[in-house]
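Below you'll find the structure, written out as structure tokens, and then a few comments.
No lab work stands behind these numbers, since they all come straight from the coordinates. Bear in mind the structure is a predicted one, so any value in this text is a computation, not a measurement. Here Cβ is always computed from backbone atoms with ideal geometry, including for glycine, and neighbour counts include all displayed protein chains.
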Amino acid sequence: MAGTTVGGRYMLRAAVGSGGMGTVWRAYDQLLRRDVAIKEVLIPVNMAKTDRDVLIERTLREARAAAGLNHPAVVRMYDVVTDGGRPWLVMELLAARSVAEIVTEDGPLTARATAKIGLAMLGALEAAHAAGILHRDVKPANVLISGDGRCVLTDFGVARLTMESDLTTPGMVLGSPHYIAPERAMGQAFGPPSDLFSLGVTLYTSVEGGPPFDRGDPIETMHAVVQAQPEPPRNAGPLAAILYGLMEKDPRRRWDVARTRAALRELLDGPLSHRQPPPEETDPHAVLRMAPPPKPVYQQPDGVIGGRAMLAPGETPAQRHARMAAQSRPAAEVPDVATGAAPTVAPTGDQQTINLADRPAWQQHGVPAQTQGGYPGASDQGGYAGAPDQGGYPGAPDQGGYPHSGAAGLPPRFALRPVTRKYPKWLVPAGAAAAVVLLLVVGAVVLFSGSSDKPDAKPSATPSGPGFATVAYQDPRGFSLNVPTNWEKSGPGNSYFDFTEPNKTGRRIRVNVETATNAHRWAEVAANGLHTRTEVCPNFIQLGLKDTTLSGLPAAELDYTCGQGDTLRRGLWRGVVKDGKVYHFYLTVPAARFTESLPIHEEMVRSFKLGT
């Protein structure tokens, strides 16, 4: 059929896709000289005339519905022509693949990419619903992603205008069973929330690689859509809470466009943000990152420039100031001060002379040598532990380090010249002997001072401790852990126990034991419970769900938030399964105090032990 001209204007070139409603062709508009897409509506030859008329009318309705929408996330409709007794829909041609094709050929998309798809589809559905149009067949095959990243919703073939009569047969359900909303599957009244349910299933399929209610049979799948909970997502991460909100069975509790959009934007700005390198490291016009330019090399002057008021080689402004003051006063008034800018003085007799000018710069200023880096940093590294270009503590002089104790702090009356000190000849061997005796005494003290059986002082907190007072809590159900001292214990006694910080600070710990066989599955059920119990955790958002360890056994941890604004709270919930029971605890605090409260959670993890 390629080469055929439709409507006297559009020449068909090649089929690019087909479905239950027809075939899409790549065509050429000979009038405007551009490529377009044309949808050929397939009408069975044995179809009754009445059904044929209904199908043609539905096709024209799709054209009217799509043509009435002006949104970048909706495929633009150009024209409708009749050829051979049936309509042909002329649309813009996109070099694109559907989400269904991408997932099948390349695997699931990332949570970030799925969130961006969700934002685009929310815009398309919002525009359609505002125009009184229900799509009724939102699914991965109808979500296209073009080569330039544009994401569009297509195929309004079963769209329904709310002001028009329903052209479907009573009891007939149009759409794909995997993505149909529960209320539509049960034949109940439906509206915009039904499209949002289908969007939730579409996004789930995008990030997980398959639909959440698939049972292998259309009827069984529709039963699962109505009655079963979706399979817990494993790749969605913080996106899971939004998926659960869109796939809520009750359309009255299902997330609407505004709430979903706000949650997606929050994730894209937070947990799903794209971390760019620092701006100074990126050239937006460079294909490859260029090597940093070499540091400029400055030539030191050979002598004093411009007279005695200028700096000598290696001289600081303070040294120059002191030198000028020294030249204007008698030398007898000047005390001996060590500096690195003085000339060498030859020793005489039993004198020992230290010429600081012959030393490296870091020794001239009293900075200890660190040939392997370290504090305060090796020369030309300027970092703590010798890590180049990593900041840390200030480094050696001339690199922004601590102020040295040399000539920089001298008053103007002080001159600068080497220290010449007289030492008696017997002082050096006597000093060495004294040092040996001192080492022997210190060694004896260390050797015989650590064997006391009765310490006379209470142990103090060490740098590796939690930094706050704790008390060991022993649960009669077979586990123990440390909790902050003076936190008030409460609870029913036969189930969970709470530990609450006094003075109503909002920080609380809960410990519990329940039945479970798998830690990861337990955490997924816990997340779903928080999501559905809005009275307990309103506006639940899952920030993370990871596999970890607890007491040396496989465990899982859930990171989540509840509430919003001033009521926003954040919690960490960890549990370990053993012998059919899950031993778990969580810490919940106001979100503003989460960072300072992390040591409490870490201490509970560290001290947790199974067994009485």
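Distant-in-sequence amide contacts of Val36, defined by a placed amide H-H separation under 5 Å and a gap of 5 or more residues or a different chain, comprise Ala27, Tyr28, Asp29. Taking amide H positions as modeled 1.01 Å from N, with prolines and chain starts lacking one, the residues under 5 Å from Thr470 and 5 or more places away or on another chain are Thr485. If you plug the beta carbon distance of Leu32 and Ala130 into 1/(1 + (r/R0)^6) with R0 = 30 Å, you get a FRET efficiency near 0.50. Between Val525 and Leu553, residue separation times 0.36 nm minus the direct Cα-Cα distance comes to 8.1 nm.
Given R₀ = 25 Å, FRET efficiency for Arg76-Ala258 by Cβ-Cβ distance, to 0.05?
Values: r = 26 Å, r/R0 = 1.03.
About 0.45, to the nearest 0.05.
Length, then width, then depth: along the principal axes, the Cα atoms of segment 470-610 run 41, 33, 27 Å. Would you mind checking segment 69-95 for residues with the amide N under 16 Å from a putative spin-label position 7 Å along Cα→C-beta of Ile56? So the set is 80-89. Sparse packing (at most 12 other Cβ atoms within 10 Å of the Cβ) combined with a DSSP loop state is found for the following GluC sites (Glu not before Pro) in segment 515-612: Glu535. Fewest-first ordering of Asp51, Asp137, Asp195, Asp29 by other beta carbons within 10 Å of each residue's beta carbon gives Asp51, Asp29, Asp137, Asp195. The modelled label-to-label distance for the pair Arg150/Ala2, using points 7 Å beyond Cα in the direction of Cβ, is 2.5 nm.
By the gyration tensor of its Cα atoms, with a ≥ b ≥ c the square roots of the eigenvalues, what is the shape of segment 1-93: rounded for a/c under 1.5, prolate for a/b over b/c, or oblate?
On the way: a/c = 1.81, a/b = 1.22, b/c = 1.48.
Verdict is oblate for segment 1-93.
Taking neighbour counts of Cβ atoms within 10 Å as a proxy for exposure, in what order, fewest first, do His601, His223, His135 appear?
On the way: His601 20, His223 15, His135 28.
Result, fewest neighbours first: His223, His601, His135.
So between Glu596 and Val536, what do we pick up on full extension, going 0.36 nm a residue minus the alpha carbon distance?
Values: separation 60, 0.36 × 60 = 21.60 nm, distance 2.41 nm.
Residue separation times 0.36 nm, minus the Cα-Cα distance, leaves 19.2 nm.
So which of Lys116/Lys504; Lys116/Lys546; Lys249/Lys546 end up more than 30 Å apart by C-alpha? Over 30 Å Cα-Cα: Lys116/Lys504.
What is the order of Leu199, Leu553, Leu543, Leu264, fewest Cβ neighbours within 10 Å to most?
Details: Leu199 28, Leu553 12, Leu543 18, Leu264 21.
Lowest count first: Leu553, Leu543, Leu264, Leu199.
Enumerate by residue number the trypsin sites (Lys or Arg not before Pro) in segment 511-553 meeting two conditions: DSSP loop (anything except H, G, I, E, B), and at most 12 other Cβ atoms within 10 Å of the site's Cβ.
Details: sites: Arg521, Arg533, Lys546; in loops: Arg533.
In loop regions of segment 511-553 (DSSP not H, G, I, E or B), the sparsely surrounded trypsin sites (Lys or Arg not before Pro) are Arg533.
With Cα atoms defining each centre, segment 526-564 and segment 74-96 are spaced 48 Å apart in the structure.
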